1. Restricting to the range 94-108, give me the number of residues that are open to solvent by 60 Å² or more (accessible area, probe 1.4 Å) and of a type in the set (D, E, K, R).
2. Quick check on this structure: which one of Asn194, Asn142 is farther than 18 Å from Asn277 by Cα and surrounded by fewer than 16 Cβ atoms within 10 Å (Cβ to Cβ)?
3. Pick from Glu121, Glu111: which is open to solvent by less than 10 Å² (accessible area, probe 1.4 Å), over 30 Å from Lys231 (Cα atoms) and of a type outside the set (A, V, I, L, M)?
4. Would you mind telling me which numbered condition in (1) touching a helix residue (DSSP H, G or I) at 6+ places or on another chain (Cβ under 7 Å); (2) not in a loop (DSSP other than H, G, I, E, B) Trp361 fails?
5. For the range 236-260, enumerate the residues that are of a type outside the set (Lys, Arg) and within 27 Å of the chain's Cα centre (by Cα).
6. Sort out which residues of the range 119-132 are under 26 Å from Glu183 (Cα atoms), out of contact with any helix residue (DSSP H, G or I) (no Cβ under 8 Å at 6 or more places or on another chain) and not charged (D, E, K, R), and write them in order of number.
7. Just to be sure before I move on: is Leu356 surrounded by 13 or more Cβ atoms within 10 Å (Cβ to Cβ) and in contact (Cβ under 8 Å) with a residue 60 or more places away in the chain in the structure I sent?
8. Quickly run through the range 267-316 and pick out the residues that are farther than 21 Å from Leu225 by Cα, open to solvent by 20 Å² or more (accessible area, probe 1.4 Å) and part of a loop (DSSP other than H, G, I, E, B).
Amino acid sequence: MLVAQFNGRLIQANEIKLERKDKHEKRRYVCPRCQEPVMFKHGHSRIAHFSHFSVSKCPFNENESQVHLEGKIRFKKEFLSMGHEAVLEHSFTQIGQRADVYIPDSQTVVEYQCSPISFSEIKRRYLSVAKRVFWILGARYNTGIYHRDTVARFSRYHQQLGFYFVCYSDKDQYFRLHYQLKEVAGKIIGETQNFLNLKTLLRFVRTSQYSSKKYQVGQNATRRLLLHQLKMIQQSNLNRNRTYLESVTDCYSFRKLFIGCPMICHGNRGSGLPIFNKSVLCWRIWVILRLFDSNRALLSDEFLKGIFNISYEQFGLAFAQIVDNEPFFKAEWRRLIIQLHDQGYIRHTVSGIQILKQPVWFSNYDEKRWHIMTTTQFL
């Protein structure tokens, strides 16, 4: 840790004048959390810090990497340069938590997350003591490979930038913004932009006029992605993996093949918002199966609302940084209904929605693959 108590006041390790080792050993530095003695450590290859003398149950007695220590110091300097007061390792004793950096004027906690952390732990931290938690992610998250659980835990939403999160490269000492995160043919992709300091990154986020309409996947790229997704589904089914098992079983109950789902199920160029705990494809198939049940020719508003609510409960992805995800889900729902209307599957009436024709399901993998390879236009 970088902060300890000395003579009743908090002192930062990097503020201590480097003297002979025996002089520091005579001083009584104590942990601000458990009040146990701690030792001051410094060297040529490590930054100055404090450490408990022995194994302790103190929550502050953690093995902290050099990367994490240096990152916290860098973040403090960044906020100080922007005119904010920044407190290193601020202790929230009421919850037994120590913030990497705390910005008192905005009651913002800045956390540098280099190691794995659970969704529930992210939700729990600082909920009762801070207005906002700003997560800056370490190298393990800065790969450009996006996992659904990473999006759920750390992403925020910006009207122009879409879903985004921030990483810090300790090696090159730049900040990277990962934004416009989208799901395309079952894979989450996004754009990145590097910044030399946090000030320019935050200004970019605050003032960006980026239009999501500029961010589109071309037809050839869409074809390759859809073919890859189809291949992955086929291999998953052949290997009896559980990835799509629930959706495969659901399709069987309607006497349909999951892999043969209509192209409308793939949406607009196979893309959608990364808001589903399974792929957008699984959600669309689930909805299409129930909207086009052969026993129904007219769908009442009440029935549609019920389908939406059930699908939201079953497929909606919970976010740790976004309080209400239902508006995103409603947007995807409207998008599907509009596409069904525009392609002549349904029409709106006073009583609800009338079914005009049934989507065509493919009979097997090869038939679907051939259609994707030869079609000249995607949804």
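1. Selection size over the range 94-108: 1.
2. It is Asn194.
3. Criteria check complete, one pass: Glu111.
4. (2)
5. Ser236, Asn241, Thr243, Tyr244, Leu245, Glu246, Ser247, Val248 - these are the residues of the range 236-260 that are of a type outside the set (Lys, Arg) and within 27 Å of the chain's Cα centre (by Cα).
6. Ser120
7. In short, no.
8. Passing the criteria: Asp293, Ser294, Asn295, Arg296, Ala297.
The values are calculated or read from the model by the stated rules, or taken from the named source; none is laboratory data. All of these numbers come straight from a predicted model, not from anything done at the bench. Cβ atoms come from the backbone with ideal geometry, glycine included; neighbour counts cover every protein chain shown. Only protein heavy atoms, including side chains, enter the accessible area calculation; ligands, DNA and RNA are left aside. Shrake-Rupley method; radii C 1.70, N 1.55, O 1.52, S 1.80 Å.
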